[in-house]
Amino acid sequence: MAPVTLKTVDDDLKDVIQHLFEIQSAVHGYLGPETQQELVRKIKNLTLALSTLSTHTQLPPTQENQPDTNTDPSNPSLASIQLPPEIIDYVDSARNPDIYTREFVELVQRGNQDLRGKREAFASFRDVLAREMRSAMPECRGEVDRVVAATGGAVDGTDGATGDAATSMDTPSEVKQIPEQEFPDLMKHNANSKEPIGGSVCALSREKGQLEPLNLVAGKLDFDGIDPEIGMHLLSIYWSRQLYTAQIIYRPAFMRDMACEGPYFSKLLLNAIFFVVSKHCDRPELRSDPNDITTAGWKFRQRFTQLLRDCFDKSEITTLQALLIMSNALFSRCDERSLSWLYAGNAFNMFIDLGLHVLPAVDSIPAEELEIRKRVLWGAYFIDKIQCLFQGRPPLLNRVNLRASLDFLDDYDELEPFQGITYMTTKPRGVVPSLNVSLLTNLCELTTIVERVLREIYSESRESNLVHRANISEEIKSQLRSWRQNLPRQLDYLSFPDQAVLLPQSACLLALFNVLIILVHRPLIIGHDGVINSTTAHESVNACTAAANQIVQILHDYSQHFSLNSAPYMLSYATYISATIHARIVAQKGSNSTVFQSLILCRNIIAEHTRLYSAAEKARENLEKLMSHLGISATDGNIHTGSPGSSGNNFPSEHMLVDESMNVAREPGVADRALEFGSSMMTLELSDLDLEAIAQGFQVDVESHSFWNSLV
């Protein structure tokens with residue numbers, strides 16, 4: 001009997017499918033007895049076709065171990081085909097079997113790279129050891145050369161050094177010949193060593209940082225077709241602004257794997273990074289319209305969308321990271337809220353699917369992997385809370401379900417010099433530390449309080465009992481006080497100007513703190529069921545006003561050192577929240593008060609931010625509606641608040657000045673009492689305010705549910 005070939009089985013399958021189609025057509029066009037007879041005949045034909053397929057696919061025992069005599073490679077015999085069981089699982093799960101092939105090839109490549117890296121690492125160690133032994137024990141030189149030659153090394157008879165070592169010391173171009181996997185595998189070895197885990201990661205981080213320029217010169221970095229010079233510039237911008245995504249990408253692993261196609265780099269993630277930071281790059285070649293900054297980086301977004309089609313069906317850390325940082329940009333920059341939330345939701349599902357919400361034991365995985373997982377965990381948690389705060393949505397990730405401390409292993413970049421590459425500093429600055437790890441730790445701690453504010457004060461399912469809600473508010477206020485008191489002095493420039501370093505990130509950190517102060521106290525002004533406690537309401541108005549004034553102070557100080565035009569969206573959001581407080585006070589005090597100048601300042605800053613952030617346009621519209629509702633008029637003649645000599649410009653200048661009466665943070669003694677929001681240090685006399693009228697001003701938020709629907 002001739003062996004059954006693949007084409008025979010393929011034809012059998014086509015016959016079965018054809019019979020099924022004919023049966024479907026007959027059932028759909030059923031006309032009576034005639035159709036019934038035809039249907040019976042077709043079912044019989046289907047039965048015969050299935051029987052034939054079964055017969056052809058059941059190999060006789062005599063054929064199972066016989067060699068394949070078929071010479072046609074396009075039509076092999078069925079007995080020669082070995083199908084992995086995993087393929088069947090993929091088909092049963094309705095997944096594309098081609099994905100299995102791709103994953104298998106990637107696995108083999110990764111294994112080959114590991115083996116190659118180990119081989120070259122050992123060869124490098126052999127050459128170094130041989131050189132040192134020749135130097136220390138000249139009498140063993142011959143034996144050393146014999147061992148080197150026997151293990152595949154090259155021996156130079158003139159100077160006793162291996163050929164590779166000699167040329168690499170003499171010829172700078174040999175830097176390009178560094179094996180791609182040599183250093184990564186040595187790092188993996190070190191990460192698994194018995195050294196103290198924190199020190200090990202710091203050492204590896206330092207080594208990987210040194211490799212970045214070498215890999216760039218060697219042309220090993222994969223920029224997905226982008227000019228390497230532009231690609232490195234965009235990456236430098238991202239690293240300088242990564243705190244606003246809680247440093248979710250671990251730079252040393254990303255840059256290492258960018259040179260060797262490792263697991264912590266992907267072109268999807270690279271294009272997400274490029275799109276996110278392109279709006280901060282002034283190069284016209286990155287824009288679809290060279291004169292329109294809003295078109296910057298659209299080619300990266302198109303490439304991201306193209307690559308996402310192949311990555312969306314598989315949970316991977318790089319895909320998760322790309323979706324999260326892209327969701328941030330889609331909201332703040334493009335105001336595409338639905339797509340932003342869709343990307344974030346899928347990323348959080350991947351986060352749970354990969355089990356990243358629970359960190360394994362410290363000694364169970366390499367130190368580098370532990371650090372990466374911890375940064376992804378806290379990055380996802382931070383982005384979830386900030387997105388919910390900006391968009392007015394309930395949070396998805398709960399702190400109680402995340403088992404991870406805030407003790408990061410790699411603190412090497414804590415003292416790295418601050419890079420003001422896109423902050424456009426307005427004054428020359430000396431070298432100052434970036435304080436990246438301290439900023440990250442305290443920012444994540446603050447977001448745990450953000451979760452409580454969202455869940456326990458503004459959630460629809462919050463506790464309705466008045467006493468319980470009052471207790472919750474006091475607990476959260478106590479948490480905020482404790483956070484501010486424990487904030488390292490070098491980050492709190494408002495309280496400790498002589499000891500702190502003013503950084504854009506620390507300014508945003510303090511602005512977010514003041515936003516939370518306002519959000520915690522705002523419901524206390526409104527009261528419960530229309531009943532206002534005058535004492536509590538007055539304290540809350542004082543607290544909200546003090547926090548709003550501190551935000552204005554931060555804006556003033558920020559403008560003295562950096563450009564407000566390139567400020568992060570977090571500062572724009574804080575500006576809006578501050579303006580909503582000033583508007584209520586102006587409605588009572590009138591346009592002759594210093595609060596009015598603060599309100600107009602905030603309004604102008606938000607208007608300027610619409611150039612970079614579409615979401616700021618929504619904030620500006622909301623503020624205009626609020627001012628109109630409260631009867632506040634801001635004509636062209638009184639909205640100018642810029643620096644002297646800049647008349648005619650309604651937008652804030654690079655050196656905008658704020659009236660010193662609003663300089664709350666600079667008053668004597670404020671360092672010791674920065675949290676006493678109801679103190680007599682308040683520059684505004686609030687005792688004559690109509691609390692009921694102010695409460696009515698806040699009531700418009702409640703009636704329109706603007707916190708959850710329109711507050712940006």
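The values are calculated or read from the model by the stated rules, or taken from the named source; none is laboratory data. For clarity, every value in this text was computed on a predicted model and none was experimentally measured. With ideal geometry, Cβ positions are generated from the backbone for all residues, glycine too; neighbour counts draw on all protein chains shown. Please note that ligands, DNA and RNA were not included when accessible areas were found on the heavy atoms of the full protein model with its side chains. Shrake-Rupley method; radii C 1.70, N 1.55, O 1.52, S 1.80 Å.
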Exercise. Could you go through region 12-17 in sequence order and give the Karplus-derived ³J(HN,Hα) for each residue, using 6.51 cos²θ - 1.76 cosθ + 1.60 with θ = phi - 60°, rounded to whole Hz, and x for Gly and Pro?
Key: 4, 5, 5, 5, 4, 5
Quiz item: Given H placed on each backbone N at 1.01 Å, which residues far from Val432 in sequence or on other chains put an amide H within less than 5 Å of it?
Solution: Phe418
Quiz prompt | Between region 585-604 and region 285-308, the Cα center-to-center distance that results, in Å | solution = 39
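With all protein chains present, how much of the accessible area of region 97-148 (probe radius 1.4 Å) comes from carbon and sulfur, to the nearest whole percent?
Here carbon and sulfur together make up 63 percent of the probe-accessible area.
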Quiz prompt | Heavy-atom surface of region 97-148, accessible at 1.4 Å and reported per residue (Å²) | solution = 70
Quiz item: At a probe size of 1.4 Å, how large is the accessible area of Met232, to the nearest 10 Å²?
Solution: 40
Quiz item: How would you order 327-334, 72-79, 366-373, 471-478 from highest to lowest mean count of nearby Cβ atoms within 10 Å?
Solution: 327-334, 366-373, 471-478, 72-79
Quiz item: Between Asp282 and Leu466, what is the spin-label point distance in nm, taking each point 7 Å from the Cα along the Cα→C-beta axis?
Solution: 5.8
Quiz item: Which length gain, in nm to one decimal place, applies between Glu139 and Ala361 when the Cα-Cα distance is subtracted from 0.36 nm times their residue separation?
Solution: 75.0 nm
Practice problem: With a point put 7 Å past each Cα toward its Cβ, work out how far Arg41 is from Leu214 in nm, to one decimal. | Solution: 7.8
Quiz prompt | Distant-in-sequence amide H partners of Val155 (H built 1.01 Å from N, under 5 Å) | solution = Gly163
Quiz prompt | Residue pairs, from the table Lys299/Lys625; Lys279/Lys618; Lys267/Lys385; Lys267/Lys314; Lys279/Lys314; Lys14/Lys42, whose Cα atoms sit over 25 Å apart | solution = Lys299/Lys625; Lys267/Lys385; Lys279/Lys314
Quiz item: How much solvent-accessible surface does Ser25 expose, in Å² to the nearest 10, with a 1.4 Å probe and all protein chains in place?
Solution: 60
Practice problem: Round to the nearest 10 and report in Å² the accessible area of Tyr30, as given by a 1.4 Å probe over the protein chains' heavy atoms. | Solution: 120
Quiz item: Non-local amide H neighbours of Thr5 (under 5 Å, H modeled in plane, Pro and chain starts lacking H): which ones?
Solution: Leu78
Quiz item: Modelled label-to-label distance, Val147 and Glu103, 7 Å Cα→beta-carbon offset: nm?
Solution: 4.4
Exercise. Could you check how much of the accessible area of region 325-411 is carbon and sulfur, as a whole percent, using a 1.4 Å probe?
Key: 50
